[in-house]
Amino acid sequence: MFEAMVYLLRTAVPWRDLPAIYGPWNSVYTRWRRWCQGGLWERLLAVLARQAKGKLRFLDASHVKVHQDASNPAGGQQNQAIGRTKGGLNTKISAWVDGRGRAVCLSLAPGQHADVSVAQSAARPKLRGTITVADKGYDSDGFRAQLRRWGSCSCIPPRCNRLQPVACHRGHYRKRHKVENLFQRLKRDRRIGTRYEKNDLYFLGFVQLAATLDWLKNRF
């Protein structure tokens, strides 16, 4: 059953086109739905996140185009993370990664939402005693104060129009590419590079599955 999930992740074939070697497609889909609703992939990622290395935590977000099969205006609660921007329908994946570029927390948001507002309201890992490294899109006094309440120092470069200067450790910021590299690795899986799932929970499950596999490849 797990092999079928990985096959779907890699190839992004429709559920009904799943090869017969993996069994009836509807049985595989039912199992996937149960696992997602039970929070299996979120718990697996949380267990792996306990092994996060270093004090640095890198934060960023990346857009994912929504395929026409996933667009469903009447979807209601199931696709609240689908938004519309100039490029069309898309979803934003927000990720926290550790010092080695492995995901420790993932969440979804509509594509038109600002990165900093997503970071303040979405799921987050344990941050006490860490340093959060992010780009200028997160340069907000409110977000910096929120990080302090969470027990994390901020390493965020100031915007050009900022009136009050803030310090940013250049050495830490040079390593911010690690979160970008994570998105690059995740999007190699076709089901992550393009969103085919109508339901937010099921799409997030595939993202968490891809992040779990990435952890296993880069565990040591």
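FYI, it's all coordinate maths here, none of it is from the lab. Computed from a predicted structure; not experimentally measured. A quick note on method: Cβ atoms are made from the backbone with ideal geometry, for glycine too, and the neighbour counts reach across all protein chains shown.
Counting lysine pairs in the chain whose alpha carbons fall under 20 angstrom apart, excluding pairs fewer than 8 residues apart on the same chain, gives 22. Quick check: the angle from helix 2-11's long axis to the longest principal axis of the chain, C-alpha only, nearest 10 degrees? So the inclination is approximately 70 degrees.
Taking other residues whose beta carbon is less than 11 angstrom from the beta carbon of Phe58, and scoring Lys, Arg as +1 and Asp, Glu as -1, yields +2. Residue-wise HN-Hα couplings along the stretch 16-23, as the Karplus relation 6.51 cos²θ - 1.76 cosθ + 1.60 with θ = phi - 60° gives them from phi, are 5, 9, 4, x, 5, 4, 8, x Hz; Gly and Pro carry x. In the chain, the longest principal axis of the Cα atoms and the axis of helix 200-217 are about 70 degrees apart. Only one residue of Leu8, Val97, Gln80 has its Cα farthest out toward the positive end of the dipole of the chain, where Lys and Arg carry +1 and Asp and Glu -1 on Cβ, and that residue is Val97. The Rg/Rh ratio of the stretch 11-136, with both radii computed over alpha carbons and Rh defined as the Kirkwood radius, is 1.02. Once the C-beta distance of Tyr22 and Gln112 is scaled by a Förster radius of 41 Å, the resulting FRET efficiency is 0.65 to the nearest 0.05.
Mean separation of Cα pairs under 8 Å and 6 or more residues apart, divided by the residue count, gives the chain a relative contact order of 26 percent. Listing Ser140, Ser152 from fewest to most neighbouring C-beta atoms within 10 Å gives Ser140, Ser152. For helix 141-150, what angle does its Cα long axis make with the longest principal axis of the chain, in degrees from 0 to 90 and rounded to 10? Compared with the principal axis, the helix lies near 80 degrees. Only helical runs count toward this figure. For the chain, summing -39,500 (n - 2.57) over DSSP H runs of n ≥ 4 and dividing by all residues gives -11500 deg cm²/dmol at 222 nm. All Cα-Cα distances of the stretch 96-220, cut into 10 Å bins from zero to the largest, leave 11, 40, 35, 13, 1 percent in each bin in turn.
Rounded to the nearest 0.05, what FRET efficiency do Arg144 and Gln51 have when you use their Cβ-Cβ distance and R0 = 25 Å? Once the sixth-power term is evaluated, E becomes 0.35. I need the fraction of alpha carbon pairs in the chain separated by more than 22 Å, rounded to a whole percent. Considering the chain, 52 percent of its Cα-Cα pairs are separated by more than 22 Å.
Under 5 Å from the amide H of Asp60 lie the amide H atoms of Ala95, each residue being 5 or more positions distant or on a separate chain, with H modelled from the backbone and absent for Pro and chain starts.
Full extension from Arg190 to Gln80: what is 0.36 nm times the residue separation minus their Cα-Cα distance, to one decimal in nm? Don't jump to the answer; show the numbers that get you there.
Working: separation 110, 0.36 × 110 = 39.60 nm, distance 2.16 nm.
Here the answer is 37.4 nm.
Residue-wise HN-Hα couplings along the stretch 162-173, as the Karplus relation 6.51 cos²θ - 1.76 cosθ + 1.60 with θ = phi - 60° gives them from phi, are 5, 7, 9, x, 10, 7, 9, 6, 5, x, 5, 5 Hz; Gly and Pro carry x.
Near Val104, the amide H atoms lying under 5 Å from its own belong to Trp96, Val97, Asp98; only residues 5 or more places off or on other chains count, and H is placed 1.01 Å from N.
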